[in-house]
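One structure below.
No lab work stands behind these numbers, since they all come straight from the coordinates. Remember, predicted model here, so these are calculated numbers, not experimental data. With ideal geometry, Cβ positions are generated from the backbone for all residues, glycine too; neighbour counts draw on all protein chains shown.
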Amino acid sequence: MESNEIKKIIPFNDIWENLEVLENRLLEVSSSSNEYLTSISQYLIKAGGKRFRPIVTSLAGKFGEEEKNIEKIIDAGVCVELIHIGSLYHDDVMDNATTRRGVESSNSKWNSTLSILAGDYLLARSSELAAENLGLESVKLLASTYAELVEGQTKELNLAFNLEQKIDDYLNVIEGKTASLIRTSARLGSLAGSADSDVIEALSSWGWNCGIIFQISDDILDLTSDSETLGKPAGNDILEGTYTLPVLIALSKDQGKYQEILTEIKEKKINIENVLSEFTTKEIIDDSKEVINKYFNQSIESIYSLKGHELFPVLENINNYLINRTN
């Protein structure tokens, strides 16, 4: 997600000013009296990132009493981003990743134990901040969301290299590991902004569907972009045995052919760069986008009651952007 592009579809300067405040808060909240822990836990924060979840939180806060609650809205964004970054430390250990966001992964730079501890620390700091500034409902929401994230990640690992898995299995995985936190980003922001309950529910549903769109588009990019753009090897999901929507669609079209390709990749009999095009045919990508469009329609339907709000087109444009970046 290019920052200049996303700024075009969110033309509110205060969102970007608040994001700068959030960057400082991330460093403040993630600091420890142990300088060594601070350097590790802030490593991925300083590596940058899309900050998509805090952006969603800030937008959702605008549907309530934003000026009155701006500090709470920013802290809500800090909480969801700390959970996201904390989970990345854990993901890299599980995946034995060597790079993240274009830099050496934390588990490679230090070791797996320290990477796990840094992730745990950020999750703990998120809970502490929510308890101090956002209230019990938000603390419970963040805890249940992280449970969903762990469930999704566990199911993904359980399905690794499974050639019999279905598209519904994949959707259940991304609901847990991605959609749940983006839904919570919208919900937490609207709660922090003291929005009306019907608005909170509408934005939560929008965030859920947006999260699914976000992950499917990311999974398409994993197959269609180059390694430099991704900050990790192209086709990395396949190498790790994570068979995403385009791969599962390919399997549904010609199971014998694609099972053979995937088995040969797993056994290192063929180089993945030589067969990536097999998973990115026009038919496969078009079918993948058809699934995205279903969630796009559900997302817009969920916020139809907000159609008169000045931010409605922004919410719609975010989903359009997520879809179009795969072109």
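Side notes on the structure shown:
- Cα gyration tensor shape of the stretch 243-327, rounded if a/c is under 1.5, else prolate or oblate by comparing a/b with b/c: prolate
- Taking 17 Å as the straight-line reach from the Cα of K269, the lysines in range (excluding those fewer than 8 positions away in the same chain) are K257.
- Spin-label proximity, E283 to the stretch 233-249 - amide N less than 13 Å from point 7 Å beyond Cα toward beta carbon: 249
- Inverse mean reciprocal Cα-Cα distance (Kirkwood Rh) of the chain, Å: 20.3
- The stretch 1-45, dipole about Cα centre (Lys/Arg Cβ +1, Asp/Glu Cβ -1), debye to the nearest 20: 80
- Theoretical gain in end-to-end length, V103 to E164 [0.36 nm per residue, Cα-Cα removed]: 18.5 nm
- Positive dipole terminus of the chain, leading residue within N96, S39, Q259 (C-beta point charges): S39
- Cut-off 19 Å (backbone N to label point 7 Å along Cα→Cβ of S32), residues of the stretch 74-108: 79, 81-94, 105-108
- Helix 282-302 axis, angle to the chain major axis (alpha carbon atoms, nearest 10°): 20
- At R0 = 30 Å, FRET efficiency that the Cβ-Cβ distance of M94 and K307 yields, to 0.05: 0.10
- Dipole orientation for the chain: of the candidates S30, F52, I318, S30 has the Cα lying most toward the positive pole (charges on Cβ; Lys, Arg +1; Asp, Glu -1).
- In a reduced charge model with +1 at each Lys and Arg Cβ and -1 at each Asp and Glu Cβ, the stretch 145-327 shows a dipole moment near 100 debye about its Cα centre.
- Normalised contact order of the chain, rounded percent, pairs of Cα under 8 Å and 6 or more residues apart: 19
- Residues in the stretch 55-86 that a label on S197 would reach, taking backbone N under 18 Å of a point 7 Å out along Cα→Cβ: 64-65
- Proxy reagent accessibility, fewest Cβ within 10 Å first, across L134, L311: L311, L134
- Using the Cβ-Cβ distance between E290 and Q255 with R0 set to 25 Å, the FRET efficiency works out to roughly 0.80.
- Where N is the number of residues in the stretch 13-136, Cα Rg divided by 2.2 N^0.38 Å: 1.07
- Cα-based helix-to-principal-axis angle, 112-133 vs the chain, degrees rounded to 10: 30
- Structure remark: mean-square fluctuation, Gaussian network model of the chain, C-alpha springs under 10 Å; the largest value among E71, E23, E132 belongs to E132.
- Cα-Cα separations in the stretch 145-327 greater than 22 Å, expressed as whole percent: 48
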